[in-house]
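Report on the following structure.
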Amino acid sequence: MNLQPPHTLYTERRARLAALLGPGGIAIVPTAPERQRNRDNDHLYRHDSYFYYLTGFSEPNAWLVLTGEGQATLFCQPKDMEREIWDGYRLGPQAAPHALGVDAALPVTELDAQLPRLLENRSTVWFPFAIHSGLEGRVAGWLERVRARVRYGALCPAQQQDLCSLLDEMRLIKDAHEQDTMRRAARISAGAHVRAMQTCARLLREGQDVREYHLDAELLHEFRRHGSQHPAYGAIVAAGANACVLHYRADAAPVRNGDLVLIDAGCELGGYASDITRTFPANGRFSGPQRALYDIVLASQEAAVAATRPGARFTDPHDAAVRVLAQGMLDVGLLDRAKVGGLDDVIEKRAYFAFYMHRTGHWLGMDVHDCGAYAEPSQLGEVSERRDPLSNELILNRPSRLLKPGMVLTIEPGLYVRPAPGVPEAFHHIGIRIEDDAIVTPQGCELISRDVPVQADAIEALMKA
């Protein structure tokens with residue numbers, strides 16, 4: 001399975017960025033460092049997303065320098081046969097220009113010597129702010145060496161700008177290659193969810209002990225079996241009351257007959273994340289209260305999907321989901337009309353927040369919570385004020401982002417019911433979330449993660465199989 005596009009894709013991205021830097025601009029982009037896990041043992045390496053977006057290069061200890069005129073220089077690890085015996089193959093500076101389409105490549109050992117020269121006579125230096133520890137200090141050191149040469153006629157960049165502001169906008173719209181990779185990642189993740197559902201029901205039918213980590217193992221097996229390099233994030237596998245903990249991690253809790261199980265898990269493929277959540281009955285059959293709340297969450301997701309289309313605001317799917325969820329809370333008695341009023345009162349006062357406390361989606365791409373502004377850039381000056389009805393905090397509102405074809409976001413409403421006075425006992429400890437990945441299309445949106453069923457009847461049929 002070939003996941004690597006031709007280097008012309010990265011060349012085109014660098015050209016687009018260079019045009020944004022302008023004449024006299026220069027960008028410095030490091031990849032992620034290797035990180036020690038414990039003594040003599042590193043964490044599994046994962047490249048920096050910005051760096052990979054511009055190079056397609058996944059080795060550690062590498063830097064890209066790009067000028068506004070489009071000159072791309074890569075600094076990478078030199079060939080070293082002894083180290084390659086221990087750590088693996090290195091591309092090396094000699095092969096990098098042909099393999100990656102950059103104009104020049106140098107050993108990373110020359111970075112400190114070469115950067116002041118490359119920065120000379122530039123007007124603006126761009127680099128990612130607040131992401132790489134110590135980067136600001138290194139840039140300052142290189143600029144100081146440029147200033148030391150002003151008596152010889154060298155000019156030092158007068159401005160420093162955050163490169164993320166440019167790259168975030170570029171990354172927000174996914175090209176055809178990115179969309180195809182994300183579809184494949186979603187298919188793999190959907191298959192992993194199917195495997196976990198069926199395994200759970202089978203083991204319980206056989207009378208075996210089932211733990212959250214058993215289901216986590218099924219997910220990981222399916223990810224790797226289909227070529228995924230990593231999980232996109234630590235999987236949430238939450239049985240019973242654990243599903244009411246939003247960022248719970250798969251642990252050793254037993255999965256009991258009659259429990260609901262919430263799994264939020266997705267793989268990374270070719271540098272791109274997927275992000276799927278399904279909630280299912282451990283034994284394959286929803287109880288009456290479980291089904292009642294599940295159908296409310298599913299209806300809210302359907303409303304959010306219908307609101308996800310070009311020209312809509314990023315907040316529109318959330319608003320649509322909240323109306324359905326709030327009405328459902330009133331209908332089943334999670335909220336007492338005598339205390340909270342009608343639907344509009346519930347929304348205005350945020351009374352639903354006790355059972356639904358997160359947004360309905362986020363950007364998805366190379367990072368599971370991908371980059372990109374949530375406010376509309378063309379309307380940043382349109383600011384209004386409001387007081388949060390729960391915290392009384394003053395909040396500045398700006399118009400939400402307008403959705404465009406090629407944007408990718410999650411749609412993930414939920415309900416989380418903890419025991420509390422006035423909350424019907426039949427719903428205690430039920431946590432439900434349903435999450436799918438959506439590509440905005442010219443007509444609406446494409447759900448790329450529906451290879452795992454979402455309707456309650458379809459889930460029961462799948463688990464019975």
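The values are calculated or read from the model by the stated rules, or taken from the named source; none is laboratory data. Fair warning: this is a prediction, and the values are worked out from it, not measured in the lab. So basically every Cβ, Gly included, is an ideal-geometry build from the backbone, and we count neighbours across all protein chains shown.
Would you call ARG285 among the basic types (Lys, Arg) and touching a His at 6+ places or on another chain (Cβ under 6 Å)?
Taking the combined requirement at face value, the residue does not satisfy it.
What are the pairs, 6+ residues apart or on separate chains, where a residue within the range 44-58 that is under 14 Å from ASP370 (Cα atoms) and assigned by TED's automatic domain parsing to the domain that holds PHE127 has its Cβ under 9 Å from a residue that is part of a loop (DSSP other than H, G, I, E, B) and acidic (Asp, Glu)?
Between residues of the range 44-58 that are under 14 Å from ASP370 (Cα atoms) and assigned by TED's automatic domain parsing to the domain that holds PHE127 and residues that are part of a loop (DSSP other than H, G, I, E, B) and acidic (Asp, Glu), the close pairs are SER49/ASP367; SER49/ASP370.
With respect to the numbered conditions (1) over 29 Å from the mean Cα position of the chain (by Cα); (2) surrounded by fewer than 17 Cβ atoms within 10 Å (Cβ to Cβ), which one is the sole condition not fulfilled by GLN36?
Condition not satisfied by GLN36: (1).
This table checks each residue for (1) closer than 30 Å to VAL346 by Cα; (2) touching a residue at least 60 places away in the same chain (Cβ under 8 Å); (3) surrounded by 22 or more Cβ atoms within 10 Å (Cβ to Cβ).
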position	(1), (2), (3)
ALA238	yes, yes, yes
ALA252	no, no, no
ARG256	no, no, no
CYS267	no, yes, yes
GLY270	no, yes, yes
ILE276	yes, yes, yes
PRO289	yes, yes, no
PHE314	yes, yes, yes
GLN327	yes, no, no
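Can you confirm whether the range 126-138 contains a residue that is of a type in the set (Lys, Arg), closer than 28 Å to ARG13 by Cβ and outside the structural domain of ILE236 (by TED's automatic domain parsing)?
The answer is yes; a qualifying residue exists.
Those residues that are within 14 Å of ASP319 (Cα to Cα) and exposed (fewer than 14 other Cβ atoms within 10 Å of the Cβ), I need them from the range 331-344; list them, please.
The answer is ASP344, and nothing else.
Tally time: how many residues in the range 389-427 are in contact with a strand residue (DSSP E or B) (Cβ under 8 Å, 6 or more places away or on another chain), in contact (Cβ under 8 Å) with a residue 12 or more places away in the chain and not in a strand (DSSP E or B)?
12
When the residues of the range 448-462 are filtered to those that are of a type in the set (D, E, K, R) and outside any helix (DSSP H, G or I), which remaining residue is farthest from THR199 (Cα to Cα)?
Checking each candidate, the answer is ARG450.
I'm trying to understand the selection: among the residues of the range 29-62, which are out of contact with any helix residue (DSSP H, G or I) (no Cβ under 7 Å at 6 or more places or on another chain) and part of a strand (DSSP E or B)?
Correct list: GLN36, ARG37, ASN38, ASN41, ASP42.
Check ALA185, ALA201, ALA176, ALA196 and return the single one that is of a type in the set (Gly, Ala, Ser), surrounded by fewer than 16 Cβ atoms within 10 Å (Cβ to Cβ) and over 30 Å from ASN121 (Cα atoms).
When all the criteria are applied, what remains is ALA176.
Could you pull out every one of the strands (runs of 3 or more DSSP E) wholly within the range 239-351 that has 3 or more residues that are basic (Lys, Arg) and in the same structural domain as LEU364 (by TED's automatic domain parsing)?
Strands (runs of 3 or more DSSP E) meeting the threshold: none at all.
Mind checking whether some residue in the range 364-378 is among the small types (Gly, Ala, Ser), out of contact with any Gly (no Cβ under 9 Å at 6 or more places or on another chain), part of a helix (DSSP H, G or I) and over 17 Å from LEU402 (Cα atoms)?
No, the range 364-378 contains no residue that is among the small types (Gly, Ala, Ser), out of contact with any Gly (no Cβ under 9 Å at 6 or more places or on another chain), part of a helix (DSSP H, G or I) and over 17 Å from LEU402 (Cα atoms).
Of a type outside the set (D, E, K, R) and surrounded by 15 or more Cβ atoms within 10 Å (Cβ to Cβ): which single residue out of GLY141, GLY137, GLY68 fits that description?
On inspection, the qualifying residue turns out to be GLY68.
Would you please name the residue that is surrounded by the most Cβ atoms within 10 Å (Cβ to Cβ), looking only at residues in the range 75-123 that are over 32 Å from the mean Cα position of the chain (by Cα) and under 15 Å from PRO30 (Cα atoms)?
Filtering the range 75-123 for residues that are over 32 Å from the mean Cα position of the chain (by Cα) and under 15 Å from PRO30 (Cα atoms), the one surrounded by the most Cβ atoms within 10 Å (Cβ to Cβ) comes out as LEU115.
Being in contact with a helix residue (DSSP H, G or I) (Cβ under 6 Å, 6 or more places away or on another chain), in a loop (DSSP other than H, G, I, E, B) and farther than 18 Å from GLY270 by Cα is the filter here; which residues of the range 195-238 pass it?
Those that are in contact with a helix residue (DSSP H, G or I) (Cβ under 6 Å, 6 or more places away or on another chain), in a loop (DSSP other than H, G, I, E, B) and farther than 18 Å from GLY270 by Cα: VAL210, ALA235.
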